[in-house]
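Have a look at the structure below, then the notes.
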Amino acid sequence: MSPPPPPSGGEADLRSAGPPEPGPDDHLRGDSGPLVIEYGDYECPYCAKTDQLLAGLPIVRVFRHFPVPSKHPRARTLALAAEAAGLQGRFWEMHDSLFGDQGHLDDPHLWQRARDLGLDLERFEADRRAPELDERVTRDFHSGVRAGVMSTPTLFVDGELRPGVPGPELLERLSSR
Amino acid sequence: MIEPGTPAPDFKLRDQDGQEVSLADLRGQTSVLVFYPLDFSPVCTDQLSIYQELVSDFEQRGVKLYGVSVDSAFAHKAFQERLNLTIPLLADFEPKGQVARAYGVYNDEYGTAQRALVMVGPDGVVKWAYCSPSPLEIPGANLIFDALEPTAAA
């Protein structure tokens, strides 16, 4: 019996490894302060809460996709929508739009969001179905698995694993530096 | 907890569809018994959802996962449907927790299995076993991949 082909082709290394340092593929926000890498999912309400709590803190944020469609059926589609917006220079705008309203996540809502952000809609539609973007999302997911992410959101604060919505102690620590 | 190198204790449990699955059915493949406390508890939900996303990665390596908890086959069926799981779920229901006890991962205080992973080789011998220090701590899927390819593990 031969197993079905994996989404990305080839066998990904999934053994333990810390979260990768921010690279050219990553989405970064903020220019100074502690590095906070977030693994999140746009359909996850705790991730939206976390996003709200981290906004405006003096930190450097990296957002990586950790879609779990068996739990959140639209998760991967939404990650791909954000990446497709990113190809038109609007990743964080789409990110904010998705977390800002998790009640409207169907395709027509995505088209409306794309229009509101001034995106080329035809290109957006083609890009979000491109295999390269799907592979990119899978790379994020796999890097999270290797780093031991087992729920969303999971933050790495200066390399330290912090699962769940950040509590007052962590927020205090991040805002006072 | 059961030690690597020992023969896996025999078992015969019903899955979510009422089909019997026994240790003999696992011969010839590497299997991971994923012991977890209960269906529908939030932490288990994330654990099995994330393992589910990696099923094709496990299959590529010839590995099959089985969830095991003290819930009934009917609860397993509902849980599997809720989470869109294809991972079979085995009901360690009667006598309650007998298999978890045989593998040394039963928690008497909670009356459920502990959160533990037991890898059984194609020869029926335990290859690797891991028990989470607390039911709230989910063993990362990376630990299973480490156990599969130990020579190059970090």
> For chain A, how big is Rg over Rh, using alpha carbon atoms and the Kirkwood form of Rh?
Replying inline: 0.96
> Taking the radius of gyration and the Kirkwood hydrodynamic radius from Cα positions alone, what is the Rg/Rh ratio for segment B:12-148, to two decimal places?
Replying inline: 0.92
> With point charges of +1 on the Cβ of Lys and Arg and -1 on the Cβ of Asp and Glu, referenced to the Cα centre of chain A, which listed residue (A:GLN88, A:GLY148, A:LEU28) lies farthest in the positive direction of the dipole?
Replying inline: A:GLY148
> Under unit Cβ charges (Lys, Arg +1; Asp, Glu -1), what dipole magnitude, rounded to 20 debye, does chain B have relative to its Cα centre?
Replying inline: 140 debye
> Of A:LYS49/B:LYS64; A:LYS71/B:LYS127; A:LYS71/B:LYS64; B:LYS77/B:LYS127; A:LYS71/B:LYS12, which ones are farther than 27 Å apart at the Cα?
Replying inline: A:LYS49/B:LYS64; A:LYS71/B:LYS127; B:LYS77/B:LYS127; A:LYS71/B:LYS12
>> Restricting to Cα pairs below 8 Å that are 6+ residues apart, what does the relative contact order work out to for chain A? Please round to a whole percent.
In response: 33 percent
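Magnitude of the Cβ-charge dipole of chain A, K/R +1 and D/E -1, about the Cα centre, nearest 20 debye? Let's see the in-between values first.
Numbers: 20 positive and 29 negative charges, 66 e Å.
Using only the charged Cβ atoms, the result is roughly 320 debye.
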> For the residue pair A:LYS49 and B:GLU137, what label-to-label distance in nm results when each label sits 7 Å from Cα along the Cα-to-beta-carbon direction?
Replying inline: 2.4 nm
> Check B:THR112: other-chain or 5+ apart residues with amide H under 5 Å from its amide H, H built from backbone geometry?
Replying inline: B:ASN107
> Which loop GluC sites (Glu not before Pro) in segment A:6-114, with loop taken from DSSP, have no more than 15 other Cβ atoms within 10 angstrom of their Cβ?
Replying inline: A:GLU11
> Which one of B:LEU26, B:GLY140, B:VAL68 is farthest out on the positive end of the charge dipole of chain B, using unit charges on Cβ (Lys, Arg +1; Asp, Glu -1) and the Cα centre as origin?
Replying inline: B:LEU26
>> Above 29 Å lies some portion of the pair distances; for the protein assembly as shown, what is it as a whole percent of all C-alpha pairs?
In response: 42 percent
>> Can you return the aspartates and glutamates within cross-link range of B:LYS96? Criterion is Cα-Cα under 20 Å, with same-chain partners fewer than 8 residues away left out.
In response: B:ASP10, B:ASP15, B:ASP17, B:GLU20, B:ASP39, B:ASP71, B:ASP108, B:GLU109
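Every number here is computed from the coordinates shown, using simple stated rules; none is lab data. Just so you know, these numbers come straight off a predicted model, no measurement behind them. Note that each Cβ is placed from the backbone with ideal geometry, even for glycine, and that neighbours are counted across all protein chains shown.
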